[in-house]
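Data block below; observations after.
The values are calculated or read from the model by the stated rules, or taken from the named source; none is laboratory data. Because the structure is predicted, anything quoted here is derived from the model rather than measured. Positions of Cβ are backbone-derived with ideal geometry, glycine not excepted, and every protein chain shown enters the neighbour counts.
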Amino acid sequence: MLRRIDIRGQNLSTRQLLEVVPRAEIDIDAALETVRPILADVRARGEVALREYGDRFDSGSPANLRIAPADIESALATLDPAVRESLEEAIRRVRQFHEATVPPAVSVDLAPGARVSQRWVPVARVGLYVPGGLAVYPSSVVMNVVAAQAAGVTEIAVTTPPQKAFAGAPHPSILAACALLGVTEVYAVGGAQAIGMLAYGATRTDGSVLCDPVDVITGPGNVYVAAAKRAVNGTVGIDSEAGPTEIAVIADDSANPGFIAYDLLSQAEHDPMAGSVLITDSAELAEAVGERLASIVGVTKHDVRAKEALGGVQSAIILTDNLEQSIRVADAYGAEHLEIHTRDAAAVAGRIRNAGAIFVGPYSPVPLGDYMAGSNHVLPTGGTARFASGLGVTSFLRAVSVIEYDEAALAQVGHKVIALANAEDLPAHGEAIAARLSPTSD
């Protein structure tokens, strides 16, 4: 089921490793050609366009695209108590971790009377996209909303695709999660049109405001959502262009093949494009994982899409010479989720440079991070973990520098500023300093 990529005995460069590691074949550039006219149409026609695209792509929209607060609260009242308890615990853990990661303000006195400070300011309004295609994700509501709230954002709009089974309304579990978090602005709008609504705002058919534009858009979605986020980036901020989910596992001969097989399957059930990758220097473990995976995939609920994902070009078992080579492969792959199933797993995890999140040891599986670990599950995909971070409070914060010099402090360095300004042929810069240093200046 999982193809083998055998690099044993090969001393591959970083460039060669990047060519070897498996990737989903996603063409966001092609999707851009589809989403650009949708975005322009939503910007021009607002609710009328949103409804037309809802009918075309999502089997219809509800009578009101913005969900009434009473309906949000009603969804919470009918939520399974066990699910409610689990969501509440997830919220508590995620909030505790994210509040602890808010960066502190910094103030540095560089000389007497010369102070430079940095403070973190939350954006005013954010739009959070919650997917709702092959599955529904109340956990994504938790991850997006709690991070924004911990950052201090005061206006939060959530949008998610309408569900045919609920007369075009969002799935009740998503509404219930919003209720638990105190979010009252929720829209039944999905796809690229939802990104357009958040980026540009939208008016109702009567000319009143349906949705105000936001400052930042976050949250994962399909290739059209990713393309739409790329298109509006610059008009608003975005977290990332999320692609299909992926897991990589570094393992040696001490690993439990059953644990690994279940973890690879847990990502494969998300989407036919999901990537499941095992990196190991043990051929025996690779064989055992393959056999165990074959025995469980046929009995899982979403076996069709799981089999397609595991058999796709984006999934593989990579055989390496040793742990050193396995680490190099993992860093080249830059997994969204990276599990470590080796001896002294914590030490190995400490050597990893590129991963969205690292799960250490046999009892820290990715599904724990999806729901309850306290970390955020909105993570960089497609190798972007080489330069990008997962969603967190800093996704909603801006660093602002504050410069405060008195007259003596400016005089101490003024001549150096003038020298640099003249070196760059910007004499007025220097003159602005000289005017303050001259006792005859106005």
(message) Tell me whether the stretch 147-163 contains one or more residues that are of a type in the set (S, T, N, Q), modelled with pLDDT under 95 and either over 17 Å from the mean Cα position of the chain (by Cα) or assigned to a loop (DSSP other than H, G, I, E, B) (or both).
(response) yes
(message) If I filter the stretch 361-370 for residues that are free of Cβ contacts under 8 Å to residues at least 40 places away in the same chain and aliphatic (A, V, I, L, M), do I get at least one hit?
(response) yes
(request) Mind telling me which of the residues Ala306, Ala288, Ala255 ends up being surrounded by 18 or more Cβ atoms within 10 Å (Cβ to Cβ), aliphatic (A, V, I, L, M) and within 26 Å of the chain's Cα centre (by Cα)? (result) Ala306
(request) Find the residue count for the stretch 331-364, including only residues that are of a type in the set (D, E, K, R) and part of a strand (DSSP E or B). (result) 2
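So, of the residues in the stretch 132-146 that are out of contact with any strand residue (DSSP E or B) (no Cβ under 7 Å at 6 or more places or on another chain) and part of a loop (DSSP other than H, G, I, E, B), which turns out to be nearest to Leu181 (Cα to Cα)?
Tyr137
For every residue, the table says whether it meets (1) over 42 Å from the mean Cα position of the chain (by Cα); (2) of a type in the set (Lys, Arg); (3) surrounded by fewer than 15 Cβ atoms within 10 Å (Cβ to Cβ).
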position	(1), (2), (3)
Phe387	no, no, yes
Phe396	no, no, no
Val400	no, no, yes
Ile403	no, no, yes
Leu410	yes, no, no
Gly414	yes, no, no
Gly430	yes, no, no
Arg436	yes, yes, yes
(request) Please specify each residue of the stretch 208-222 satisfying the condition of being buried (at least 22 other Cβ atoms within 10 Å of the Cβ) and either of a type in the set (A, V, I, L, M) or more than 19 Å from Pro380 (Cβ to Cβ) (or both). (result) Cys211, Val214, Val216, Ile217
(message) Please list, ordered by residue number, the helices (runs of 4 or more DSSP H) wholly in the stretch 211-300 having 2 or more residues that are closer than 26 Å to Arg51 by Cα and in the same structural domain as Tyr187 (by TED's automatic domain parsing).
(response) 223-232
(message) Which of the numbered conditions does Ile318 fail, given that it passes all the others? Conditions: (1) in contact (Cβ under 8 Å) with a residue 12 or more places away in the chain; (2) surrounded by fewer than 19 Cβ atoms within 10 Å (Cβ to Cβ).
(response) (2)
(request) Have a look at Pro380, Pro367 and point out the one that is assigned to a helix (DSSP H, G or I) and surrounded by 12 or more Cβ atoms within 10 Å (Cβ to Cβ). (result) Pro367
